[in-house]
Every structure is written in structure tokens, then in C-alpha cells.
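The next block holds one structure in the form of C-alpha cells; read it before the comments.
What follows draws every value from the coordinates through simple rules; no lab data is involved. For clarity, every value in this text was computed on a predicted model and none was experimentally measured. As a convention, Cβ positions derive from the backbone with ideal geometry for all residues, glycine included, and neighbour counts pool all protein chains shown.
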Amino acid sequence: MRPLKIGDLEIKIPIIQGGMGVAISLSGLASAVANQGGIGVISAAGIGMREPGFEKNLRQANRNALIREIQTARKKSNGVIGVNLMVALSDYDELLKIAVEEKVDLVFMGAGLPLKLPEFVFEQGFENIHTKFVPKVSSAKAAKLVFQYWHQKFNHIPDAVVVEGPLAGGHLGFSMKELTENPVPLSELIKETVAAMIPFEELYHKSIPVIAAGGIYTGSDIVSIFEAGAKAVKMGTRFVATHECDADLAFKESYLNSIKEDILLINSPVGLPGRVINSDFVQQIKRGETKPFKCPWKCLKNCDYKQVPYCISKVLLNSAQGKMDIGFAFAGANAFRVNKIVSVKELFDELISEYEHALELKKHQNSFASAIRIAV
Ligand SMILES: Cc1cc2nc3c(=O)[nH]c(=O)nc-3n(C[C@H](O)[C@H](O)[C@H](O)COP(=O)(O)O)c2cc1C
């Protein structure tokens, strides 16, 4: 595989582990991925919820936990480390500042369009910031909107862009209708986004790598999506079933035990569809049962915490801690294909060897096809 270049940052293997909250991808998984030459990503969503006394001051708990996880990942790896930040988080600005101060290599900004940037970025100046900014979007239109906005307002553009298609796990940037009726293939989204980036690449004399996410499962999938123009892949589901993934074994086993029919879409209380693995708890939620809770702090800007039937952050944390009777597992559409837990190294080895094999096969097919053309 060709290394991924994002500005002056070179990533040996163009595989990015998607940030997964709550507490699914922390320093353990991120450092293991970085050690294999990919990008390991710590998810900042609800990161402080496991800290003692978080109910009293979740803002402080989030801060402490994010600093600790970044520093721990750095101790365990000299590789490339990123942080995934949801724009929808109430303390998004603060956590972004921490990620920049801790000099993480990249920040992935999803769950909302990262149009605005906190003041410290301008005080410090883009040129003095080590961290690369990478928005996550679900369409070429959204990518264009973010790049246009940054260009006009900040005279600067993001360093790369992730396009996440309809097969991804977690919250999805599509309506339920878009997901269920003729979902647009990821390859189309990639082609459109690559084309939409050309004017910005010309304007800024730099390349803007388009990164593909959602439903990528094998090395052969990577070959296909690279053919559509992606320069790297961001994978979540595959990394859940690794020994190094920070979730409890019961969470990983829910992937192993699932069948195709278990992978369901639900309406999350934050107003977005989410993909989950079916369970008794999911059925209770689907029936409209409520799970009363006390909200110590409104962690998501747009959460109507007095009205929502349950706390999404708490439910996700419960599942990460293996309490599957009071939580559900977010998962990509391919989660049912997972049948064993492997090490991150084994996963990388498998993906790379599948990739090389699929590439070789393509080359043979192409030369066979041209030989036939010449003969005819
Ligand atoms: C368990 C789980 C939790 C996730 N949590 C988040 C999250 O907190 N924020 C986010 O932006 N994306 C989240 N995602 C999306 C992943 O980062 C990644 O983009 C996506 O899973 C890619 O699709 P795949 O799972 O088919 O590989 C999550 C995905 C999974 C499977």
C-alpha cells in the first residue's frame, strides 16, 4: 500500500482506525494501530464518564481523561495518533484545544459540520499548530460547504476529508429514508468528493486526501475504494474485534454472536439514525420504553435531556463496560461478518495480504483483457 501523505505528515500504512465512543477506542487501541503504521484514534466522546466524581464535574473529568489517554498513547507508541471529536459535544472547543496543546497529529471532526473554529486557533495561527484538521462528512456537498466556508472565513482549508458512507457504524449522517431506500454507494460519494476537492487543491497548491469510511471490511474492499479515488480508509467495525480494543469482551462478543438480521438501524435520541446490534435492550428501546436517568451535565449541545427516552452516552458507556442488558453496541453493517477476535497486528497483516492479492488479481485481469483486445 502506498503511504498516506497529509501535508508534511506521512503515514506508512493508509489505514485509519475510526474513533469509537464511548470508551471503545482509547489509548490501548489507538497505540496498537499506530504501532502498525496506521493512524490510531482516541475517541473523546464521553471520555471522562469513567473518571471518579465525573457527575460533579464532567467537563473537568473529560479534560483529565483526554490528556491522560493522549499521553498514554504517546508512551506506548511513536506512531501517528489522532483524536476524534464530535462537533455536537458541549465542550468541543475545550477538547479541541487540549488535542492541539498535546500535539496530537490529527483531529477528526464529525457529528456535525465543523464550520466554526475556536478563537485560540486564530490567536495561535494555523502555521504554528502541529495538529492537522480533518472533517468527517457524508457527501461531496457537505465537504464543499466546509472547505468553502474555511476558505472564505479563515483563508485556510482543512488538511484532508473523511467521507463516511451509509454502511458505517455509530451515528450516521443520513436520514432513515436515505439509509433504507437506495443508499448511495460509498464509491460514488468518494468520486464526487474527489472531484469537489480539485478546485481547492488548485487554489492552495496542495493535495487534499479523501479518506473513505463505512463498510470497508477486506483488503479487496480497500483496492476497490482506492480505485474510486480514496487515498486511505477509516475502519471501525474491524477494530472492535481486536484484543487491544478498549471495550469489554462482552461488547466484542456481541459482534461475534450477531447474524445479518441483527444489524439494525434505530433513531438515536440525538436526532440521528444509528446502527446497532439487536438485543433485548434494543427491542425495549424500539418499543418506546424509557430509561429514566439523571443528567449531571448536558454533554451534547442539542440533547433535549428532559425529553429524551434514555441517555445515549450512558447507554453506550454501559455497553463498553460489558453491561449489555442496559446498553447497546454500535456497529457497522458488516459487523455480523466478524467471527474471531484477533490482534491489531494480525488484522493489519490480513488486510495487507488481501490487498496485495486483490491488486495482483486485478493486474492479471487487466493484462488478460488487453491481450484479448489485441488478439481480436
Ligand atoms: C462502536 C462504534 C462507535 C463509534 N463511535 C463513533 C464516535 O463516537 N464518533 C464518530 O465520529 N464516529 C464513531 N463511529 C464511526 C467510526 O469512527 C467509523 O467511521 C465507522 O465505524 C466506519 O465504518 P465501519 O465500522 O463499517 O468500518 C463509531 C463506530 C463504531 C462501530
Using alpha carbon centroids, what distance separates segment 64-96 and segment 321-356, in Å? 22
What share of Cα pairs, in percent, lie more than 16 angstrom apart in segment 73-136? 43
GNM flexibility winner over the chain from His171, His205, His130 (Cα, springs under 10 Å): His205
At 7 Å along the Cα-to-beta-carbon direction for both Arg50 and Ile372, put a label point, then send me their distance in nm to one decimal. 5.4
With only alpha-carbon pairs counted, each pair once and no self-pairs, how large is the Kirkwood hydrodynamic radius of the chain in angstroms? 21.0
By count of other Cβ within 10 Å, fewest leading, how are Thr218, Thr237 ordered? Thr218, Thr237
Value in Å of the Kirkwood radius, where segment 155-260 supplies the Cα pairs that are averaged: 15.5
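Are there any helices in the chain, counted as whole DSSP H runs, that stretch 27 Å or more along their axis by Cα and score at least -1.0 on average by Kyte-Doolittle, and if so which? Mind showing how you got there, number by number?
Values: long enough: 344-375 (46 Å, -0.27).
Those that clear 27 Å and a mean of -1.0 are 344-375.
Can you tell me the FRET efficiency between Lys294 and Lys5 if r is taken as the Cβ-Cβ distance and R0 is 56 Å, rounded to the nearest 0.05? Walk me through the numbers on the way to the answer.
On the way: r = 47 Å, r/R0 = 0.85.
Rounded to the nearest 0.05, the efficiency is 0.75.
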Taking springs between alpha-carbon atoms closer than 10 angstrom, which of Lys97, Lys306, Lys314 fluctuates most in the Gaussian network model of the chain? Lys306
Hey, fewest Cβ within 10 Å first, where do Arg50, Arg238, Arg287, Arg63 land in order? Arg287, Arg50, Arg63, Arg238
Just to confirm a number: summing +1 for Lys and Arg and -1 for Asp and Glu over residues other than His357 whose beta-carbon lies under 14 angstrom from that of His357, what do you get? -4
Name the longest site-free stretch of the chain, where the excluded sites are GluC sites (Glu not before Pro) in a DSSP loop with no more than 16 other beta-carbon atoms within 10 Å. 56-180
Could you give each residue of segment 163-179 its phi-based ³J(HN,Hα) in whole Hz, using Karplus coefficients 6.51, -1.76, 1.60 with θ = phi - 60°, and x for Gly or Pro? 10, 9, x, x, 8, 5, x, x, 5, 10, x, 10, 7, 4, 5, 4, 7
Largest first, please: the extent of the C-alpha atoms of segment 255-326 along each principal axis, to the nearest Å. 36, 23, 20
Return an integer: the convex hull volume of the alpha-carbon atoms of segment 1-118, in Å³ per residue. 101
Charge dipole of the chain about the Cα centre (unit charges at C-beta), most positive-ward option of Gly173, Ile372, Asn35: Gly173
Have a look at Val308, Val137, Val276 and tell me which one the Gaussian network model of the chain (Cα, springs below 10 Å) gives the largest fluctuation. Val308
